[in-house]
Amino acid sequence: MKNIIISGTPGCGKTSVTREISNLVEAKIISLNELAISEKFSFEYDEERKTYIVNFKVFLPCVLKKIRAIEQNNPPFLIIESHFSDIIPENFIDFAFILRCDPDELFKRLEKKNYNSKKILENIQAEILGNCINYFIQKQTKIPLYEIDTTNLSIKSVAKIIIDIAVENQEGNNYYIGKIDWLEKLFQENRLEEFFD
């Protein structure tokens, strides 16, 4: 069984892409966000940010137990998706794909999701700073890491890129980390103050 991580800031397309991949290949899915809420590992709710706070010390052992249970059935692929999927230990990961999105497009997507203005800004700042990819880099992981800019791609196109690399074993040279730099783009456009005080 190959374990595929799909991470990224909320609004970058993780859930939709994961579902599309599972429609095309035989893959089981663990949505860490859904699992945390359904199993009540979210012990606090941040009213201001309208989000749950997960106790990872309690949550992670449950996730690893779930992964091992899925392994018993030996499906070809397991996709684990969440903006905090970097909590998964390296020995449980074969590929990690971080979905990215231009801050202006991300703003539109998060507005459509009815995020409040504070949560939108917080997520856009996280995307500009590349938090989801940086969490993996800080772990000094040796697993293959890829970044995909979803700004102008359809869900099907993103799913195909991931399948080509993780399932079909094609080269992913165009998607190695470091090519996407929203911070530099906004700096060049003299627009950083729109997102940071």
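The distance between label points at Lys139 and Ile37 comes to 2.4 nm (points 7 Å beyond Cα on the Cα→Cβ vector). With each label modelled as a point 7 angstrom along the Cα→C-beta vector, the Gln188-Leu121 pair spans 2.7 nm. Counting only DSSP beta bridges with both residues in the chain, tell me the antiparallel percent, nearest 5. That works out to approximately 20 percent antiparallel. Highest mean packing comes first when the peptides 169-177, 101-109, 115-123 are listed by Cβ atoms within 10 Å, giving 101-109, 115-123, 169-177.
Note on Asp104 and Thr151: the extension gain reaches 16.0 nm, defined as 0.36 nm multiplied by sequence separation minus the Cα-Cα distance.
When the Cα convex hull of the range 49-145 is projected onto planes of every orientation, the mean area is 7.5 nm².
Applying 0.36 nm per residue to the separation of Phe84 and Asp164 and subtracting their alpha-carbon distance, the gain on full extension is 26.4 nm. Values [x] 1.02; [y] 1.28; [z] 2.27 are given for comparison; Cα Rg over 2.2 N^0.38 Å, derived from the coordinates here, is the one labelled [x]. With 24 Å as the limit on Cα-Cα distance, the pairs of Lys66/Lys179; Lys65/Lys160; Lys108/Lys139; Lys28/Lys118; Lys65/Lys139 that go past it are Lys66/Lys179; Lys65/Lys160; Lys108/Lys139; Lys28/Lys118. Computed from the Cβ-Cβ distance with R0 of 22 Å, the FRET efficiency linking Asn73 to Leu24 stands at 0.70. Placing a pseudo-label 7 Å from each Cα along the Cα-to-Cβ vector at Lys113 and Glu171 gives an inter-label distance of 3.4 nm.
Readers should treat all values here as calculations from the given coordinates under stated rules, not as data from a laboratory. What you see is a predicted model, and the numbers here were worked out from it, not measured in a lab. All Cβ positions, glycine included, derive from the backbone under ideal geometry; neighbour counts span all protein chains shown.
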